[in-house]
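To start, the structure itself, in structure tokens.
The values are calculated or read from the model by the stated rules, or taken from the named source; none is laboratory data. Keep in mind it's a predicted model, so treat the numbers as computed, not measured. Every residue, glycine among them, receives a Cβ derived from its backbone with ideal geometry; neighbour counts consider all protein chains shown.
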Amino acid sequence: MTADDSNETRRNILVLGATGGTGRLIVRDALARGHRVSALVRSPEKAGDLQGAQLIVGDARDEATLRKALKGQDAVISSLGTSLSPFKGVTTLSTSTRALVKAMKTENVARLVAITGIGAGDSRGHGGFVYDRLILPLLLRNVYADKDRQEAIIRDSGLDWVIVRPAMLNDKPGGQKLRALTDLAGFHGGTIARADVARFVVDQVSDDTFLRRAPLITW
């Protein structure tokens with residue numbers, strides 16, 4: 001589905017990580033399609049440009065907060081991220097996702113679309129020489145160890161999940177044709193605009209093509 005599809009079913013969508021670079025574009029894309037969007041944010045002062053979304057202030061690691069935010073929702077989009085942490089362990093993503101899965105089951109919300117990244121799970125080793133040999137092991141190893149835990153929690157959740165693994169992100173204008181790959185044989189590297197990631201992610205709320213799969217998306 002695309003943003004121009006007038007037959008797209010309108011959904012109530014909860015977005016986590018809505019104040020991040022990709023999260024903001026997800027909110028805008030979803031609103032432009034007529035979806036009703038709620039954004040769980042820790043700092044409402046950072047969400048001033050998310051006009052049209054209902055802001056819910058709270059911590060995505062807190063199950064009680066998540067349960068309240070999930071009332072009346074049809075789907076969740078998680079674009080949670082975390083800062084570089086070359087020397088310290090990271091648990092934010094897995095902790096938040098574990099709480100989210102429990103809350104979704106309690107509130108009977110089945111659809112989860114979650115962004116991780118190239119280098120997570122079986123996409124490791126497909127980022128290109130510099131990324132695979134330098135960036136990931138030196139700067140991102142702790143972040144991606146937690147992304148691996150996050151993906152495992154989602155896979156074991158029993159929810160209607162889609163894991164989206166973007167190639168290297170950039171802030172170029174979107175609108176280019178993207179590829180969604182589940183067979184990575186021979187693939188190394190790749191880039192994609194955040195805007196095109198947002199478009200693909202919102203598609204997955206209603207599209208079952210990649211249900212319980214983890215496509216890598218790239219130009």
*Within region 5-12, is even one residue in contact with a helix residue (DSSP H, G or I) (Cβ under 6 Å, 6 or more places away or on another chain) and at negative phi?*
no
*Can you spot a residue in region 95-103 that is part of a loop (DSSP other than H, G, I, E, B) and more than 16 Å from the chain's Cα centre (by Cα)?*
no
*asked:* With the requirement that a residue be touching a residue at least 40 places away in the same chain (Cβ under 8 Å) and of a type in the set (D, E, K, R), what does region 116-131 give you?
replied: 122
*Output yes when any residue across region 131-153 is in a loop (DSSP other than H, G, I, E, B) and either closer than 19 Å to residue 93 by Cβ or of a type in the set (Gly, Ala, Ser) (or both), and no when none is.*
no
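Residue by residue, here is whether (1) touching a Phe, Trp or Tyr at 6+ places or on another chain (Cβ under 9 Å); (2) within 25 Å of residue 38 (Cβ to Cβ) holds:
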position: 52; (1), (2): no, yes
position: 69; (1), (2): no, yes
position: 76; (1), (2): no, yes
position: 105; (1), (2): no, yes
position: 117; (1), (2): yes, yes
position: 124; (1), (2): yes, no
position: 127; (1), (2): no, no
position: 149; (1), (2): no, no
position: 156; (1), (2): no, no
*Can you pull out the strands (runs of 3 or more DSSP E) entirely within region 1-80 that have at least 3 residues that are modelled with pLDDT of 95 or more and surrounded by 19 or more Cβ atoms within 10 Å (Cβ to Cβ)?*
12-16, 36-41, 75-78
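Table: residues versus (1) in contact (Cβ under 8 Å) with a residue 60 or more places away in the chain; (2) of a type in the set (A, V, I, L, M, F, W, C); (3) within 17 Å of residue 155 (Cβ to Cβ).
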{"residue": "78", "(1), (2), (3)": "yes, no, yes"}
{"residue": "97", "(1), (2), (3)": "no, no, yes"}
{"residue": "102", "(1), (2), (3)": "no, no, yes"}
{"residue": "114", "(1), (2), (3)": "no, yes, yes"}
_Pairs with Cβ under 8 Å, 6+ apart, first in region 12-27 and free of Cβ contacts under 8 Å to residues at least 24 places away in the same chain and farther than 12 Å from residue 196 by Cα, second in a loop (DSSP other than H, G, I, E, B) and among the small types (Gly, Ala, Ser)_ = none
*Which of the residues belonging to region 89-110 are under 28 Å from residue 190 (Cα atoms) and either crowded, with 18+ Cβ neighbours inside 10 Å or not polar (S, T, N, Q) (or both)?*
89, 90, 93, 94, 97
*Report yes if residue 192 is in contact with a Leu (Cβ under 7 Å, 6 or more places away or on another chain), among the β-branched types (Val, Ile, Thr), in contact (Cβ under 8 Å) with a residue 24 or more places away in the chain and more than 20 Å from residue 108 (Cα to Cα), otherwise no.*
yes
*If you check 156, 122, 171, 132, which single one turns out to be closer than 22 Å to residue 198 by Cα and of a type in the set (D, E, K, R)?*
171
*asked:* Quick test for you: out of 132, 148, 160, pick the one residue that is closer than 20 Å to residue 203 by Cβ, surrounded by fewer than 20 Cβ atoms within 10 Å (Cβ to Cβ) and of a type outside the set (A, V, I, L, M, F, W, C).
replied: 160
*Just checking, which of 216, 139 is under 25 Å from residue 86 (Cβ atoms), modelled with pLDDT of 95 or more, of a type in the set (A, V, I, L, M, F, W, C) and under 13 Å from the mean Cα position of the chain (by Cα)?*
216
_Subset of region 135-167 (residues that are aromatic (Phe, Trp, Tyr) and either farther than 18 Å from residue 109 by Cβ or in contact (Cβ under 8 Å) with a residue 60 or more places away in the chain (or both))_ = 144
